[in-house]
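Notes for the one structure printed next.
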Amino acid sequence: MSVHNDELYQEVILEHNKHPRNFRKIDPCSHQAEGYNPLCGDHLKVYLQVSAEGRIEDLAFEGDGCAISKASASMMTAVLKGRSVEEARALFEEFRGLVMKELDPQAGSHHLGKLTVFSGIWKYPSRVKCAILAWHTLKGALDKTAVVSTE
Amino acid sequence: MAFNIEKIRRDFPNLMARARDEKPLVYLDNAATTFKPCQVISCTHAHYCHKTANIHRGVHYLSEEATAEYESTREKVRRFLNASSLCEIVFTKGATESINLVAASYGRSALKSGDEVLISQMEHHSNIVPWQLLREATGCVIKVAPINDRGELLLDEYRKLLSPRTKIVSIVHVSNSLGTVNPVKELARLAHEAGAVFLLDAAQGVSHEPIDVQDWDVDFLAFSGHKLFGPTGVGVLYGKERILETMPPYQGGGDMILSVTFDRTVFNRLPLKFEAGTPNVAGVIGLGSAIDYIRAVGWEDMITHKKDLVDHGHKVLNAVPGLRMIGTARNKAPIFSFVLEGVHAHDIGTLIDREGIAIRTGHHCTQPVMERFGVPATARASLAFYNTKEEIDLLVKALLKVREVF
Ligand SMILES: Cc1ncc(COP(=O)(O)O)c(C=O)c1O
């Protein structure tokens, strides 16, 4: 393996891990939830400020986890800021499909953009939960579920 | 027989398996489960090929043969643990079930509200949760003996926590996440002074050093076959005869009874009282073969070799920049738990998996240990006697590569 040309630990992921975007608390906020991955001990909180019209005005996260879970959370916040709640829910479904190998990013249309860096992760079943933790937590926040666990 | 590592490795076909991307496998996850020698594999294979029968209930030839093989394993286990009687060896499905059996049967009949169970801070979840269930059923109290920064049990604290209220002490022999080897004999002696019974969780310890339940004076001992180079789904509970005699059955069913009417059931004698239903016959027979294998290799050589692995592992791993070893007990098994500065354990696990190196990452079913050392997870390399120093060097090389990525 060449460590610098790795399908999983791509530059984008390593960079987001090192310098996570929107890594802070939003207080007060309109929606928040905590996510746990009991297997890894990954733990994060997602905060949202949603406007009356259903637009995500601000989105941030805090927590501790592996590079995959941190980069995924960071990229999620970057992608969803300014989008509508409906778009966020649709993207959750697409991202879930991507990491579960149900959605082939090469075939058909989707809105994943840069998030396709996670397309190889289904080959590492034990790491899928790391990639999707932030998204489940986001969905929990939108559904007003306070604590989300990937188990 | 001289310790010939090459010859030993040929006995374990799984060592030749390929890992991800067809890389040669370096298997350093023996605390999770061990590989099985050909001798064990062919023994269970033979049972399924031409010796299949249920035990204790047939007059036909195969059933009598299977019963004899099953019961001869009981004798092998008795000798292996130096138990005084065959009726002290109960087959279970693993260490977890053995501990649950004691908690449910002995615990529920002997403990009442306010009685205490003493465990340690380095216990596996399977030696924590059964006692919590017992607490719910009886109102007993769980006390936890703390460990020091090396991951060693604090004997003074342990002693202070023992009191006339202590009814059960249940401690791990070798910690699966720290590698610490506990001073069992001393711990059992102190527990008895306080009037408690002592259970040893030997899930890891059973492959580490020879056990003598009489000399160590433990009342109960639990282990799993699959961590002793035997099959999965089989384990042992050792219990002192006079204590097992007083305990109510754990489960009801066939084999554990002498006679049944709808009014009354007469339970079988020990140890069958605790073996309800058809057991894992092939598994038990395979476990017997694993014990034969260990005897043939010989403890002395295995122990010397593993001590070399511990020393070498500490030396070369501690030289990796940013590596912090979690668990540096003076008496240690070749289990290396560590964290790398700036790299989460899971990322280490995935990255070195691509080099063919299998380790475990996470909390290793010992969350209180992770909390004690202030880490969410560790990477853990755990070695068996068939591992080599060269394999540790490959781990180090892979870790240096991980450092480059992050
Ligand atoms: C110290 C210790 N105790 C108990 C167990 C439970 O063993 P099993 O899962 O085989 O029942 C393990 C297994 O990981 C262990 O390491």
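Scan segment B:350-369 and tell me whether some residue there is part of a strand (DSSP E or B), under 18 Å from B:LEU395 (Cα atoms), out of contact with any strand residue (DSSP E or B) (no Cβ under 6 Å at 6 or more places or on another chain) and within 16 Å of the ligand (Cβ to nearest atom). Checked segment B:350-369: at least one residue is part of a strand (DSSP E or B), under 18 Å from B:LEU395 (Cα atoms), out of contact with any strand residue (DSSP E or B) (no Cβ under 6 Å at 6 or more places or on another chain) and within 16 Å of the ligand (Cβ to nearest atom). Of all residues being among the hydrophobic types (A, V, I, L, M, F, W, C) and buried (at least 24 other Cβ atoms within 10 Å of the Cβ) in segment B:366-381, which is nearest to the other protein chains (Cβ to nearest Cβ)? Just the residue, please. Filtering first and then ranking leaves B:ALA377. For segment A:133-151, the set of residues classified as of a type outside the set (Ser, Thr, Tyr), surrounded by 14 or more Cβ atoms within 10 Å (Cβ to Cβ) and more than 14 Å from every other protein chain (Cβ to nearest Cβ) consists of A:ALA134, A:TRP135, A:HIS136, A:LEU138, A:LYS139, A:GLY140, A:ALA141, A:LEU142, A:VAL148, listed by residue number. For segment A:97-115, the condition of being under 13 Å from the mean Cα position of the chain (by Cα) and within 14 Å of chain B (Cβ to nearest Cβ) holds for none of the residues.
Within segment B:218-231, identify whether any single residue is surrounded by fewer than 18 Cβ atoms within 10 Å (Cβ to Cβ), under 23 Å from the mean Cα position of the chain (by Cα) and of a type in the set (Lys, Arg), and answer yes or no. So far as segment B:218-231 goes, no, none of its residues is surrounded by fewer than 18 Cβ atoms within 10 Å (Cβ to Cβ), under 23 Å from the mean Cα position of the chain (by Cα) and of a type in the set (Lys, Arg). For segment B:171-196, a residue qualifies if it is surrounded by fewer than 22 Cβ atoms within 10 Å (Cβ to Cβ) and of a type outside the set (Gly, Ala, Ser), and the qualifying residues are B:VAL181, B:PRO183, B:LYS185, B:GLU186, B:ARG189, B:LEU190, B:HIS192, B:GLU193. Within segment B:154-170, is there a residue that is away from the ligand (no atom under 13 Å from the Cβ), surrounded by 15 or more Cβ atoms within 10 Å (Cβ to Cβ), within 27 Å of B:ARG360 (Cβ to Cβ) and more than 14 Å from chain A (Cβ to nearest Cβ)? Yes: one or more hits.
Rundown of residues vs (1) polar (S, T, N, Q); (2) in contact with a strand residue (DSSP E or B) (Cβ under 7 Å, 6 or more places away or on another chain); (3) touching a residue at least 12 places away in the same chain (Cβ under 8 Å); (4) surrounded by 20 or more Cβ atoms within 10 Å (Cβ to Cβ), yes/no style:
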position: B:SER72; (1), (2), (3), (4): yes, no, yes, no
position: B:VAL77; (1), (2), (3), (4): no, yes, yes, yes
position: B:ALA83; (1), (2), (3), (4): no, yes, yes, yes
position: B:THR92; (1), (2), (3), (4): yes, yes, yes, yes
position: B:ILE99; (1), (2), (3), (4): no, yes, yes, yes
position: B:ARG108; (1), (2), (3), (4): no, no, yes, no
position: B:GLY114; (1), (2), (3), (4): no, yes, yes, no
position: B:ALA145; (1), (2), (3), (4): no, yes, yes, yes
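Kindly indicate whether any position in segment A:100-119 is closer than 27 Å to A:LYS18 by Cβ, touching a residue at least 40 places away in the same chain (Cβ under 8 Å) and hydroxyl-bearing (Ser, Thr, Tyr). No - not one qualifying residue is present in segment A:100-119.
Of all the residues in segment B:26-71, those that are of a type in the set (A, V, I, L, M) and in contact with a helix residue (DSSP H, G or I) (Cβ under 7 Å, 6 or more places away or on another chain) number 6.
Just a yes or no: is a residue in segment A:14-25 within 11 Å of chain B (Cβ to nearest Cβ) and more than 20 Å from A:LEU80 (Cβ to Cβ)? Yes, because at least one residue in segment A:14-25 is within 11 Å of chain B (Cβ to nearest Cβ) and more than 20 Å from A:LEU80 (Cβ to Cβ). Would you say A:HIS43 is closer than 20 Å to A:VAL148 by Cα, at the interface with another protein chain (Cβ under 10 Å from one of its Cβ atoms), out of contact with any Ser or Thr (no Cβ under 9 Å at 6 or more places or on another chain) and touching a residue at least 12 places away in the same chain (Cβ under 8 Å)? It is true that A:HIS43 is closer than 20 Å to A:VAL148 by Cα, at the interface with another protein chain (Cβ under 10 Å from one of its Cβ atoms), out of contact with any Ser or Thr (no Cβ under 9 Å at 6 or more places or on another chain) and touching a residue at least 12 places away in the same chain (Cβ under 8 Å).
Regarding B:SER126, is this residue away from chain A (no Cβ under 14 Å) and either at pLDDT below 95 or near the ligand (Cβ under 10 Å from one of its atoms) (or both)? When the stated conditions are applied, B:SER126 passes them.
The single residue among B:ALA83, B:ALA145, B:ALA66, B:ALA137 that is within 16 Å of the ligand (Cβ to nearest atom) and either aliphatic (A, V, I, L, M) or over 24 Å from the mean Cα position of the chain (by Cα) (or both) turns out to be B:ALA145.
Residues in segment B:327-365 that are farther than 25 Å from A:GLN10 by Cβ, within 12 Å of chain A (Cβ to nearest Cβ) and touching a helix residue (DSSP H, G or I) at 6+ places or on another chain (Cβ under 7 Å): B:HIS363, B:CYS365. Taken over segment B:217-244, residues that are away from the ligand (no atom under 14 Å from the Cβ), touching a residue at least 24 places away in the same chain (Cβ under 8 Å) and part of a helix (DSSP H, G or I) amount to 3. Cβ-Cβ contacts under 6 Å between residues 6 or more apart (or on different chains), taken from a first residue in segment B:392-406 that is more than 14 Å from chain A (Cβ to nearest Cβ) and in a helix (DSSP H, G or I) to a second residue that is buried (at least 18 other Cβ atoms within 10 Å of the Cβ) and among the small types (Gly, Ala, Ser), are listed as B:ILE392/B:GLY313; B:LEU395/B:ALA381. Yes or no: B:ARG380 of a type in the set (Lys, Arg) and over 21 Å from the mean Cα position of the chain (by Cα)? Spelling it out, it is not the case that B:ARG380 is of a type in the set (Lys, Arg) and over 21 Å from the mean Cα position of the chain (by Cα).
Selection of segment B:365-406 for residues being under 19 Å from B:PRO334 (Cα atoms) and aromatic (Phe, Trp, Tyr) yields B:PHE385, B:TYR386.
Quick check, is B:LEU309 of a type in the set (A, V, I, L, M) and either outside the structural domain of B:VAL90 (by TED's automatic domain parsing) or assigned to a loop (DSSP other than H, G, I, E, B) (or both)? Here the answer is yes, as B:LEU309 does meet what is asked. What single numbered condition from (1) within 16 Å of the ligand (Cβ to nearest atom); (2) in the same structural domain as B:LYS167 (by TED's automatic domain parsing) fails to hold for B:LYS36? Among (1) within 16 Å of the ligand (Cβ to nearest atom); (2) in the same structural domain as B:LYS167 (by TED's automatic domain parsing), B:LYS36 violates only (2). Please verify whether segment B:269-283 includes one or more residues that are outside any helix (DSSP H, G or I) and assigned by TED's automatic domain parsing to the domain that holds B:LEU394. No, segment B:269-283 contains no residue that is outside any helix (DSSP H, G or I) and assigned by TED's automatic domain parsing to the domain that holds B:LEU394.
The values are calculated or read from the model by the stated rules, or taken from the named source; none is laboratory data. Keep in mind that what you see is a predicted model, and the values were worked out from it rather than measured. Every residue, glycine among them, receives a Cβ derived from its backbone with ideal geometry; neighbour counts consider all protein chains shown.
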